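Encoded as structure tokens, the structure appears first; notes follow it.
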Amino acid sequence: FWSQFPALMELSVQSAICRPAPGERLCVNRPYVVRGYALSGGGRAVDRVEVSLDGGSTWALADVYTMHTRPGSESDSKSSDHSGVANARDWTAPHWAWVLWAFRIASVPAQCTIASRAWDAGGNTQPDAAVWNYRGVMNNAVFRVNPPTFAGDSRL
């Protein structure tokens with residue numbers, strides 16, 4: 001029966017949110033750094049990661065960090081480490097690894113659905129909803145979290 005379905009030979013591009021962690025509460029109107037990872041199959045580099053605070057209606061670029069990021073170059077404005085110094089991506093290096101990403105929220109909204117999606121060098125991205133398949137594998141839909149928020153003391 002299973003011989004009728006070809007084997008999967010590559011991973012689909014995907015991203016995941018690691019922070020906020022499950023159960024972590026975010027303080028409203030305070031800065032926060034969302035963190036996660038992304039990967040793609042077939043040796044294709046993760047080109048960019050986008051983050052949304054409204055469940056996917058609007059998107060903004062996250063900072064992407066790789067083993068092959070060279071700090072101090074002004075040639076790549078897509079990546080920075082929040083220190084004001086841009087990082088240059090070495091596009092000639094192999095891309096068989098995860099990348100880490102970070103996105104700084106200047107002021108956490110009272111209610112937010114944080115979503116992430118990655119794009120790879122082949123132009124592939126994560127679909128908004130999971131695409132069903134017979135084996136139930138390779139689901140790479142946009143990753144979403146709904147962290148609880150609380151109103152913090154404005155004097156802190």
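Among the residues of the range 29-48, write down those that are open to solvent by 70 Å² or more (accessible area, probe 1.4 Å) and under 24 Å from ALA118 (Cβ atoms). I'd like the intermediate steps shown before the answer.
Pass one, the range 29-48, residues open to solvent by 70 Å² or more (accessible area, probe 1.4 Å): 29-31, 35.
Residues satisfying the conditions are PRO31, ARG35.
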* Asked: Mind checking which pairs have a first residue in the range 116-141 that is in contact (Cβ under 8 Å) with a residue 60 or more places away in the chain and under 27 Å from TRP2 (Cα atoms) and a second that is open to solvent by 50 Å² or more (accessible area, probe 1.4 Å) and in a loop (DSSP other than H, G, I, E, B), Cβ under 7 Å, 6 or more apart or different chains?
  -> TYR134/PHE5; ARG135/PHE5; VAL137/LEU8; MET138/LEU8
* **Qualifying residues in the range 1-16 (those that are free of Cβ contacts under 8 Å to residues at least 40 places away in the same chain and of a type in the set (A, V, I, L, M)) - the one least open to solvent (accessible area, probe 1.4 Å)** => ALA7
* Asked: Where residues in the range 17-28 are in contact (Cβ under 8 Å) with a residue 24 or more places away in the chain and surrounded by 14 or more Cβ atoms within 10 Å (Cβ to Cβ), which of them is nearest to TRP101 (Cα to Cα)?
  -> ILE17
* Structure fact -> Taking the range 6-26 and keeping only residues that are more than 21 Å from VAL64 (Cβ to Cβ) and touching a Ser or Thr at 6+ places or on another chain (Cβ under 7 Å), one is left with ARG25, LEU26
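Among the residues of the range 107-133, write down those that are of a type outside the set (A, V, I, L, M, F, W, C), under 30 Å from PHE150 (Cα atoms) and either in a loop (DSSP other than H, G, I, E, B) or open to solvent by 60 Å² or more (accessible area, probe 1.4 Å) (or both).
The initial filter retains those residues of the range 107-133 that are of a type outside the set (A, V, I, L, M, F, W, C), namely 107, 109, 111, 113, 116-117, 120, 122-128, 133.
Then drop every residue that is not under 30 Å from PHE150 (Cα atoms), which leaves 107, 109, 111, 113, 116-117, 128.
Scanning the range 107-133 gives SER107, PRO109, GLN111, ASP128.
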* Any idea how many residues of the range 26-47 are on the phi < 0 side of the Ramachandran plot and modelled with pLDDT under 95? -> 7
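The values are calculated or read from the model by the stated rules, or taken from the named source; none is laboratory data. Since we're looking at a predicted model, the values are computed, not measured. As a convention, Cβ positions derive from the backbone with ideal geometry for all residues, glycine included, and neighbour counts pool all protein chains shown. All accessible areas refer to the heavy atoms of the entire protein, side chains included, with ligands and DNA or RNA removed. Shrake-Rupley method; radii C 1.70, N 1.55, O 1.52, S 1.80 Å.
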